[in-house]
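The values are calculated or read from the model by the stated rules, or taken from the named source; none is laboratory data. Keep in mind the model is a prediction, meaning the values are calculated, not measured. As a convention, Cβ positions derive from the backbone with ideal geometry for all residues, glycine included, and neighbour counts pool all protein chains shown.
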Amino acid sequence: MNDPILRIRKYERDRVNFVLENVDMAFANSLRRVMMADLPTVAIDIVEIQANTTVLPDEFISHRLGMIPLVSSNCDVAMRYTRDCNCFENCAFCSIILVLNVKCHDSTTMDVTSNHLEVVPHEDQGMEEAGEEQVKRIEKFGSPVGKNEPGVEPILICKIRKGQELKLKCIVKKGIAKEHAKWSPCSAVSFEYDPHNKLRHTSYWFETDERAEWPLGENAAEEEAPREGEPFDFNAKPSKFYFDVETDGSLGAQEVVMKVRIIVSFLSF
Amino acid sequence: MPDSERSKRQPTFDTLEREKLFKFPPKQGSSYKILNEFVAPHIESFNALFDDSGLPSGDGKGKGLLSLGLDDMGERVIFDGTGQTAGTWGNRMRIWIESVSISRPMVPDKNKYVKDRKVFPAEARERLASYRGKMSIKLCWTDPQGQRQDVTRDCGLVPIMVRSVRCNLRSMSSADMVKHHEEAEEFGGYFVINGNERLIRYLILPRRNHVISLLRPSFTNRGPSYTQYAVQIRCVRPDQTSCTNTLHYLSNGSAMFRFSWRKQEYVIPIMLILKALVGASDKEIFEGIMMQDYDNTFLTGRVELLLRSYKQFTMRTGEQALEYLGDKFRVVLGMADDMSNSAIGALLIRKLILVHIENPREKYRMLLFMLRKLYSVVNGTCCADNPDSPQHQEVLLPGQLYGMIIKERLEEILNSIRTFINIDIRNGNTVDFNDKRYFAKVLTRINFDIGSKLSNFLATGNLVSPSGLDLQQASGFTIVAEKLNWQRYISHFRCIHRGAFFAELKTTTVRKLLPEAWGFLCPVHTPDGSPCGLLNHLARTCRIVTAPLAVAHIPALLAKHGMSEPFNACIDGRTNLCVQLDGHVIGWATPAVARQLATSLRIWKTEGKNEIPMDLEIGMVPPSMGGQYPGLFLFSSRSRMMRPVKYLANGRDDSIGPFEQVYMDIACTPEEIESEVSTHVEHNPTNFLSILANLTPFSDFNQSPRNIYQCQMGKQTMGTPSTALKHRTDNKLYRLQSGQSPVVRPALHNTYAMDAFPNGTNAIVALRKSGEPTLHFGLGPEIKPHAKGEKRDSCLDFLDLDGLPYIGTKLRSGDPIAAYVDDVTRRTKFVKYKGDEEALVDEVRLLGEDTGDVELQKIHITLRITRSPVIGDKFSSRHGQKGVCSQKWPAVDMPFSESGMQPDVIINPHAFPSRMTIGMLVESMAGKAGAMHGLAQDATPFKAVEAAGYNYYGNEPMYSGITGEEFAADIYLGVVYYQRLRHMVLDKFQVRTTGPVDPVTRQPVKGRKRAGGIRFGEMERDALIAHGTSYLLQDRLMNCSDYSTAWDISLGEVFTGTSISRKPTGPGGEYCRICRAAAEQEDELERQALATGQHLQRPQASLSVAISSQNVLGRSLKGGDLDVVAVPYVFRYLCAELASMGIAVSLEIQ
Ligand SMILES: [Zn+2]
């Protein structure tokens, strides 16, 4: 088999569309699965609520906080898992602290959003010098994705009225989506092969005309259409896979693919 | 799609509008007016009790039902029994109740500090109290000089219907309502009793003031010569109390008139009543019944027999008949002693015979009509009416029942005053009518507390009544308005019950769905199971008339247009039809004239001419060969069901009732109109469905029972029960945190504020063969049960210094919820949390006394339990497709489509062929298109489906999440609105290995609450035997049940019985007392035998049971002859029982 080829067709900050050639299906699918569930990111894991006079109960707010994507670039080296760390509970190496302290003083309804979450230094930080992990973190590491960026809508946590208050401390930890979906960097991964169904893995159900009822997708242009009366090659295997990866911003699209490449090569070779 | 087209589309999600209404509830009126309309019969019938009801006065003077009841009740007369010598009765006293008043709920006067004395329903709910207002009556009496005296008596606190004319929320706007901790859409119609919302359910009753013919074989059991034929009329007095009169046909040609008085039945020959009413001569009666139909030999024969039967009574005049009746009923009626017999006779006729008519002459005419109808049924010229048909039914409204109970209680007060005075006279106590203090003393002995009686009635639904109120049941009148979700809640106010009596009937005829019910009772919305067909729901547009109508001018109007007057003596009964208005004979007309009159009336009423009210029901029954008895029957009374349709003759809106609907041709859609045949057309083809049935999307595509199931499941869904959750104190409240507005919705979804109370989630559904139903994150709910406790003072870790828990505290089983100091022992006591699940403290309420003068008598703590979906929870779509979550999969393992879409739910396609819920397929299709385009999809039944995306079947190639391989078949993927039902495994699972056992048998106890087991019975045992799973059998029936061990005498008998010659002992020196004693005895005997040389015989046991060697545990190694054997404890128990009867059980152990 030839060397694998990865051809990026479209690239945006949080989205990448690429074609992977000369790999077998198991490889391509494990790539997909790893992107979805095995890439470490950081997410809010423990919430200490100091004051909550909003209409939403504590655990509901905590659940919403956990789902907020946080900047996790370089997470695999910039952060330790708490379970691997030699600290007692959590420390600057294995956690980040976010605080939120909002009170509404106006008579209009106020939105509490991810923009209100602030990274604060660990209490024990500074006592010992910054470890190698901290050095590898980028500036925004651990803060909500797109915070205070123009054109990015912040994520709504809850709405408060005059006199209501929300004050809490979040402990951010590293994890993977196998543990909880909040650690997944991908919101969706689309995956396709054999757009012409030459391999006959599937059989299209149709009423009168298969071609008319099953319009070809855009990936069909990448492959040659089967010729009329072409014999069926039952030994053929899929080798060209079309991916479209959309991330939630915690990891950039490029990072996701690069990390996956490393992890998969690590696993398979 | 261009924006202009997008904005025109209906329905829309109305997100902004809804949010605006929620943030700023209207300061005038309410957000959703229609919600107030559908409970109107509840509230208006309650309002009708009062003189200031705000209802139109109709023909009357606008008096409330309570005042009318007082008029009907009249006065009681008592004599003090002095001067009995000359046949006089002594001093005469009249007592009566002059007025009744019920006030709005107020803080008691005891409380001196309160600024606003008004009490609002939210307070009653939160304090678990009742929402009640003070009732008082003005009691009047006369002293011997005839001077009127009066006294005002308190009758306790009467529950008040929320949003009625006596409620403090009356006419409040949505904004005010929210200020008073109510729902913005609060519509009332219920009572608050001990914090529960209870309402009086509608009940079906026979149509009032209309004669129906009955054919019941059971009538023949009433006595000799009774036949199966009868006619019946349920007559209603102005105060809405009723009295049913039945006229039985006897095989000798005459008829018996039956009525009941205080649950006792009485029968009077009809001739006696006819004579007593107007003193009619025999000829007059003959002509009145015959109506010139002299050729009808059947009729002449019967009338002759009827007249002849009266000859045994030797009364000629009406006066004599009255006196006779009065004499017979003097004791039964219990009226004043000084009334003459004829006065009592007249009273009997006024109070119990055709009570809807005042005038005796009119009563006489009505009785003749009843006789004619009776003979006609017997003759076969007309058929028997079906009492199960809505044509002959009306509704018992909550307010009317409430009024009847109050009236009867007031009557009881008058009667008991008389009884007490009579007892005093009989006992020789001093009875002085001149002494005010004596009367006051009598009053102290009377129970005036009507309020507690009514509270009790509402809390239990049990009717305690000496007369039975002419109803067929004594319990089951009230129900709790459960706020499980919005659909269930609003359904309570539209449900209508056939009557508890019918629930026990073995026949199913009463449950039948009759075509007459079309448009009035929903054919879909009824529970399955025992109440099926008995508990119905009103169709969406069905109204119940609650206002009295002005119809006094109608007889004159009809007479002007060709109707003959009723007193006209030479009417030919063969060619004339009777014209009746609310059970009064108002005239006669030929069929052609009658038809003309009916048409004119309909045109007048639809066009608002001649002051004919819209709610007049014009029942023109044409002459037929053996059909319904013909006539023109007009109804203007209350409690009738009516519904709007369009009248084709003039294109106006018409309001029709179930009586007249039978003779109409109503087209469902304008396309169905047939010229010369159709008279009306429906405003909307879905109007015949109830609110809930209307909410099932594309229900016209489904197999009908599935729509019935959805009506049930919609009501069991965990949704959004209320928006005033902070102020709810329900025992259990289920709340869905992630409710969504359905993409696919009928137009009515918006009309009934359904989006304000979301009930489910739009789920991506894949149909996949061999796929297990799967759910992953999304449908996460919450429950709130409650706990109650008493409190004073304490301190602890997660309790504050006041002994109350911090809000948000996490509780595990056994943690303290509250602490207080016991006044007696001076020790701190703790109230523990007993649940098994982790709970959070949501709310703490400190409650004072009802009187408002003592504070902090109770604390009330709301707990919150979170429950994300787990395997075993029940879900359903809106098409009666329920199912249990059988597996949860990680996202990566789920199949996905080419676009990366993963289903939330995978259901097996086998769910469709047998259930035929095509509507669900259409919904998922429309949902997919709607989700793709961001549009709400109209799913109104009977509408042409024009949703986008129908050029393509919705199938998509899918890939296995595990291998990445494309599935061999393309898979259908769509969006379906899913409901999570309240039945959750966490409430239902029942497992045990060991646990509590029954003290007698030592077998596991039953019941989930007591950690008991599920019975593993004989049939289950058979199944395991058949499977050959003997180890499991051993485990279930022995090890996990009543395993016990016993000592066994090796190769001998256990427990009882005789022994062999050895003296067995166990390893620890245990021995068998019986054996040892027997052995010693035997030793002794043997020694004697040896001495005497005799041979001895041992007694033999008759029954022997084999115990396999497997069950013999460790044979002792240390020597000794006793072994331990495993025995079910019940067997030991059985042996003991048998031993107590002198039966020895002997066992053979191998
Ligand atoms: Zn650490």
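Within the range B:93-114, does at least one residue satisfy the condition of being in contact with a strand residue (DSSP E or B) (Cβ under 9 Å, 6 or more places away or on another chain) and free of Cβ contacts under 8 Å to residues at least 12 places away in the same chain? For the range B:93-114, residues in contact with a strand residue (DSSP E or B) (Cβ under 9 Å, 6 or more places away or on another chain) and free of Cβ contacts under 8 Å to residues at least 12 places away in the same chain: absent. Can you confirm whether the range A:34-42 contains a residue that is within 14 Å of another protein chain (Cβ to nearest Cβ), away from the ligand (no atom under 16 Å from the Cβ), acidic (D, E) and farther than 30 Å from A:D244 by Cβ? Within the range A:34-42, none of the residues are within 14 Å of another protein chain (Cβ to nearest Cβ), away from the ligand (no atom under 16 Å from the Cβ), acidic (D, E) and farther than 30 Å from A:D244 by Cβ. So is A:I160 within 16 Å of the ligand (Cβ to nearest atom) and over 30 Å from B:S899 (Cα atoms) or not? Judged against the criteria, A:I160 is not a match.
Evaluate the range A:123-142: report whether one residue or more is small (G, A, S), in contact with a helix residue (DSSP H, G or I) (Cβ under 7 Å, 6 or more places away or on another chain) and within 16 Å of the ligand (Cβ to nearest atom). Give the derivation first.
The initial filter retains those residues of the range A:123-142 that are small (G, A, S), namely A:126, A:130-131, A:142.
If we keep only those that are in contact with a helix residue (DSSP H, G or I) (Cβ under 7 Å, 6 or more places away or on another chain) as well, we get none.
No: the range A:123-142 contains no residue that is small (G, A, S), in contact with a helix residue (DSSP H, G or I) (Cβ under 7 Å, 6 or more places away or on another chain) and within 16 Å of the ligand (Cβ to nearest atom).
For the range B:939-951, indicate whether the set of residues that are within 14 Å of chain A (Cβ to nearest Cβ), at pLDDT below 80 and farther than 19 Å from B:Q10 by Cβ is non-empty. So far as the range B:939-951 goes, yes, one or more of its residues are within 14 Å of chain A (Cβ to nearest Cβ), at pLDDT below 80 and farther than 19 Å from B:Q10 by Cβ.
For a quick check of your reading of the model, give me the residue pairs whose first member lies in the range A:77-93 and is closer than 17 Å to A:P40 by Cα and among the hydroxyl-bearing types (S, T, Y), whose second is modelled with pLDDT of 85 or more and more than 7 Å from the ligand (Cβ to nearest atom), with beta-carbon atoms closer than 6 Å and at least 6 apart or on different chains. Matching pairs, first to second residue: A:Y81/A:K174; A:T82/A:K173. Of the residues making up the range A:89-121, those that are in contact with a Ser or Thr (Cβ under 6 Å, 6 or more places away or on another chain) and within 16 Å of the ligand (Cβ to nearest atom) are A:N90, A:C94. Only one of the numbered conditions (1) farther than 30 Å from B:D904 by Cβ; (2) facing another protein chain (nearest Cβ under 10 Å) is violated by A:E207, and that is (1).
If you go through the range B:875-901, how many residues are within 14 Å of chain A (Cβ to nearest Cβ) and of a type in the set (S, T, Y)?
Step one: of the range B:875-901, the residues within 14 Å of chain A (Cβ to nearest Cβ) are B:888-901.
Subset that is of a type in the set (S, T, Y): B:897, B:899.
Summing the residues that are within 14 Å of chain A (Cβ to nearest Cβ) and of a type in the set (S, T, Y) in the range B:875-901 gives 2.
Quick check, is B:L935 away from chain A (no Cβ under 13 Å) and either among the hydroxyl-bearing types (S, T, Y) or under 30 Å from B:K112 (Cβ atoms) (or both)? Here the answer is no, as B:L935 does not meet what is asked.
Being of a type in the set (D, E) and either surrounded by fewer than 18 Cβ atoms within 10 Å (Cβ to Cβ) or touching a Ser or Thr at 6+ places or on another chain (Cβ under 8 Å) (or both) is a description that applies to B:D51.
Could you check, for the range A:172-179, whether at least one of its residues is over 27 Å from A:K10 (Cα atoms) and over 25 Å from the mean Cα position of the chain (by Cα)?
Step one: filter the range A:172-179 for residues over 27 Å from A:K10 (Cα atoms), giving A:172-175, A:178-179.
When the remaining residues are screened for being over 25 Å from the mean Cα position of the chain (by Cα), the result is none.
For the range A:172-179, residues over 27 Å from A:K10 (Cα atoms) and over 25 Å from the mean Cα position of the chain (by Cα): absent.
Has the range B:148-161 got any residue that is assigned to a loop (DSSP other than H, G, I, E, B) and touching a residue at least 12 places away in the same chain (Cβ under 8 Å)?
In the first step, residues of the range B:148-161 are kept if they are assigned to a loop (DSSP other than H, G, I, E, B); the result is B:160-161.
Add one more test, that the residue is touching a residue at least 12 places away in the same chain (Cβ under 8 Å), and what stays is B:160-161.
Yes, the conditions are met somewhere in the range B:148-161.
Where helices (runs of 4 or more DSSP H) fall wholly inside the range B:325-444, the ranges with 2 or more residues that are at pLDDT 90 or above and more than 23 Å from B:D71 (Cα to Cα) are B:360-379.
What residue, of B:L1134, B:L1138, B:L1147, B:L1113, is modelled with pLDDT under 70 and either among the aliphatic types (A, V, I, L, M) or touching a Phe, Trp or Tyr at 6+ places or on another chain (Cβ under 7 Å) (or both)? It would help to see each step written out before you state the result.
Numbers: B:L1134 fails: modelled with pLDDT under 70; B:L1138 fails: modelled with pLDDT under 70; B:L1147 fails: modelled with pLDDT under 70.
Matching residue, one of B:L1134, B:L1138, B:L1147, B:L1113: B:L1113.
Results for (1) in contact with an Asp or Glu (Cβ under 7 Å, 6 or more places away or on another chain); (2) among the acidic types (D, E); (3) buried (at least 22 other Cβ atoms within 10 Å of the Cβ); (4) within 30 Å of A:E179 (Cβ to Cβ), shown as yes or no for each residue.
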residue: B:S868; (1), (2), (3), (4): no, no, no, yes
residue: B:I871; (1), (2), (3), (4): no, no, no, yes
residue: B:I918; (1), (2), (3), (4): no, no, no, no
residue: B:G927; (1), (2), (3), (4): no, no, yes, no
residue: B:Q937; (1), (2), (3), (4): no, no, yes, no
residue: B:S960; (1), (2), (3), (4): no, no, no, yes
residue: B:E965; (1), (2), (3), (4): no, yes, no, yes
residue: B:I971; (1), (2), (3), (4): yes, no, yes, yes
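Of the residues making up the range B:407-428, at least one is within 30 Å of B:E617 (Cα to Cα) and in contact (Cβ under 8 Å) with a residue 40 or more places away in the chain. Return only the number of the condition from (1) without any contact (Cβ under 8 Å) to a residue 60 or more places away in the chain; (2) within 9 Å of chain B (Cβ to nearest Cβ); (3) buried (at least 19 other Cβ atoms within 10 Å of the Cβ) that A:V189 does not satisfy. Result: A:V189 passes all but (1).
Only one of A:K178, A:K147 is in contact with a helix residue (DSSP H, G or I) (Cβ under 8 Å, 6 or more places away or on another chain), away from every other protein chain (no Cβ under 13 Å), of a type in the set (D, E, K, R) and not in a strand (DSSP E or B); which? When all the criteria are applied, what remains is A:K147.
Taking the range B:445-458 only, how many residues are in a helix (DSSP H, G or I) and surrounded by fewer than 18 Cβ atoms within 10 Å (Cβ to Cβ)? Break it down into steps so the answer makes sense when it comes.
At the first step, the residues of the range B:445-458 found to be in a helix (DSSP H, G or I) are B:450-458.
Cutting the leftovers down to surrounded by fewer than 18 Cβ atoms within 10 Å (Cβ to Cβ) gives us B:452, B:456.
Summing the residues that are in a helix (DSSP H, G or I) and surrounded by fewer than 18 Cβ atoms within 10 Å (Cβ to Cβ) in the range B:445-458 gives 2.
Note on the range A:65-88: residues that are more than 7 Å from the ligand (Cβ to nearest atom) and in contact with a helix residue (DSSP H, G or I) (Cβ under 8 Å, 6 or more places away or on another chain) total 9. Total residues in the range A:194-204 satisfying the condition of being more than 7 Å from chain B (Cβ to nearest Cβ) and assigned to a strand (DSSP E or B): the figure is 0. Within the range B:129-141, residues that are without any contact (Cβ under 8 Å) to a residue 60 or more places away in the chain and within 14 Å of B:S99 (Cα to Cα) have Cβ atoms under 7 Å from residues that are basic (K, R) and not in a loop (DSSP other than H, G, I, E, B) in these pairs: B:S136/B:R153; B:C140/B:R148, counting only partners at least 6 apart in sequence or on another chain. Considering the conditions (1) farther than 22 Å from A:K140 by Cβ; (2) within 16 Å of the ligand (Cβ to nearest atom), A:V55 is excluded by exactly one of them, (2). Note on the range B:685-715: residues that are assigned to a loop (DSSP other than H, G, I, E, B) and surrounded by 20 or more Cβ atoms within 10 Å (Cβ to Cβ) amount to 9.
Here is a yes/no grid of residues against (1) surrounded by 22 or more Cβ atoms within 10 Å (Cβ to Cβ); (2) assigned by the TED database to the domain that holds B:F187; (3) in contact (Cβ under 8 Å) with a residue 60 or more places away in the chain; (4) not β-branched (V, I, T):
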| site | (1), (2), (3), (4) |
| --- | --- |
| B:W486 | yes, no, yes, yes |
| B:L505 | no, no, no, yes |
| B:R511 | no, no, no, yes |
| B:P515 | no, no, no, yes |
| B:W518 | no, no, yes, yes |
| B:L521 | yes, no, yes, yes |
| B:V524 | yes, no, yes, no |
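Of all residues in the range A:98-135, count the ones that are within 14 Å of chain B (Cβ to nearest Cβ) and either within 27 Å of the chain's Cα centre (by Cα) or modelled with pLDDT of 95 or more (or both). Break it down stepwise before answering.
Here is the first cut: in the range A:98-135, the ones within 14 Å of chain B (Cβ to nearest Cβ) are A:107-111.
Imposing the further condition that a residue be either within 27 Å of the chain's Cα centre (by Cα) or modelled with pLDDT of 95 or more (or both) reduces the set to A:111.
The total comes to 1.
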